[in-house]
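**Q** Shown below is the structure under consideration.
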């Protein structure tokens with residue numbers, strides 16, 4: 001007896017439009033995230049050009065937190081009310097404006113403003129793109145409501161983009177003319193092109209009847225799960241922020257590697273490991289991902305400490321890979337838990353809060369570490385940094401599992 005599908009199929013042209021927009025959105029998401037980490041191998045060049053010490057470099061790096069907090073908390077929910085595309089296109093243009101500032105304005109104030117503007121663009125993009133990818137996929141494939149594809153693609157675009165930033169900037173910094181200008185021109189042109197494509201071709205997925213003023217709403221009883229998920233995201237992003245802000249400086253000062261390309265490798269390896277392990281764990285449950293992540297995360301931090309007490313570039317790069325794998329699993333589990341805790345009509349608003357907390361984790365611990373190492377020494381500060389992050393990650397996982 002033939003089986004009759006209860007899901008109405010969509011016209012092929014409509015499916016094609018949703019599919020194209022899905023992949024262009026994933027690319028835009030990845031490029032914006034890559035732009036945020038692109039300065040990683042370039043900080044020593046900025047420091048030399050603008051005469052900045054390690055503390056000022058870290059402050060400039062962490063300025064992105066101000067922008068992301070603004071973008072996520074004040075603007076990140078807007079796509080639930082006004083539509084996804086009308087938020088993602090401005091996110092690309094705001095981030096392009098940040099790239100232009102890096103090229104035309106020099107000095108510490110310029111770096112702080114450009115990074116803050118970068119944060120606003122990231123805040124607009126991350127929660128909205130994650131939700132838009134889910135919308136687009138399910139419009140194109142209404143017969144696959146439980147597919148892990150949109151979640152895997154969103155997480156991979158996020159962390160894969162973070163991985164590509166240091167690699168692209170490291171290559172351009174080592175071999176392109178005027179690396180502090182060329183790198184940002186390349187990103188500006190790419191983001192502008194993606195904005196034009198999305199503006200002209202991407203369909204909207206939030207209709208007038210679906211738009212709602214609700215900014216943040218959790219399912220009943222999901223408060224502890226969301227709290228634990230935001231903690232997991234914050235601790236995962238803390239170590240990512242640390243490697244982004246300080247790995248190039250650590251390579252030069254502690255391990256004797258002065259190449260701009262080498263300065264980008266720890267960040268690339270960490271984020272690439274995060275992205276790869278998320279793809280490999282595509283079908284895993286949140287419990288399994290967080291279980292493996294909470295083991296790999298402190299193991300990688302322990303290797304990082306070892307590589308500094310017994311200086312070894314090879315061990316440091318292995319440490320970046322192991323830490324990245326653990327952070328990637330924690331982040332993917334946290335993102336899934338946070339999305340599952342949200343009311344359907346408030347997904348972008350809930351994810352905006354999740355990402356805001358995660359990005360606070362990106363910046364503030366790095367600033368605290370820089371201050372601590374001036375008072376207690378680099379090695380002792382690194383040891384305590386590793387211990388505190390490891391304990392915090394374990395506590396966050398435990399809270400998320402209390403249902």
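Bear in mind that the values in this text are calculations on the coordinates, not laboratory data. What you are looking at is a predicted structure, and each value in this text was computed from that prediction instead of being measured. FYI the Cβ positions are ideal-geometry reconstructions off the backbone, even for glycines, and counts take in every protein chain you see.
**Q** Å³ per residue of the Cα convex hull, for the chain?
**A** In the chain, the Cα hull volume divided by residue count equals 139 Å³.
**Q** For the stretch 1-122, take N as its residue count and report Rg(C-alpha) divided by 2.2 N^0.38 Å.
**A** The reported ratio for this selection is 1.46.
**Q** Okay, next question. In deg cm²/dmol and to the nearest 500, what is the mean residue ellipticity at 222 nm of the chain if only DSSP H runs of at least 4 residues count, each as -39500 (n - 2.57), divided by the residue total?
**A** -27500 deg cm²/dmol
**Q** If I build a Gaussian network model for the chain, linking alpha-carbon pairs within less than 10 angstrom, which residue out of 285, 366, 307 has the largest mean-square fluctuation?
**A** 285
**Q** Angle check, please: helix 223-253 long axis (alpha carbons) against the longest principal axis of the chain (alpha carbons), in degrees 0 to 90, nearest 10.
**A** With both axes taken from Cα atoms, the answer is about 40 degrees.
**Q** Starting with the highest mean, order 323-329, 150-156 by the number of other Cβ atoms within 10 Å, averaged over the residues of each peptide.
**A** Taking the mean over residues of other Cβ atoms within 10 Å, the ranking is 323-329, 150-156.
**Q** Another question about this same structure. Relative contact order of the chain, please, whole-number percent, based on alpha carbon pairs below 8 angstrom and at least 6 residues apart.
**A** Over the chain, the number comes to 26 percent.
**Q** Continuing with the same structure: How high is the relative contact order of the stretch 1-142? Use alpha-carbon pairs under 8 Å, at least six apart in sequence, and give a whole percent.
**A** Dividing the mean separation by the residue count of the stretch 1-142 yields 40 percent.
**Q** For the chain, find the longest principal axis of its Cα atoms and tell me its angle to the long axis of helix 85-104, 0 to 90°, nearest 10.
**A** 20
**Q** To continue, here is another question. Order of 221-229, 137-145 by packing, highest average Cβ count within 10 Å first?
**A** 221-229, 137-145
**Q** Using the Cα atoms as the points, what is the convex hull volume per residue of the stretch 340-403 in Å³?
**A** So the per-residue Cα hull volume is 72 Å³.
**Q** Follow-up question, since we're still on this one. Sort 96-105, 164-173, 46-55 by packing, meaning the average of other beta carbons within 10 Å per residue, with the highest value first.
**A** So the order, starting with the most tightly packed, is 164-173, 96-105, 46-55.
**Q** Starting from a Cα-only point model with no solvent, please compute log10 I(q)/I(0) by Debye for the stretch 127-191 at q = 0.13 1/Å.
**A** For the stretch 127-191, the Cα-only Debye profile gives -0.52.
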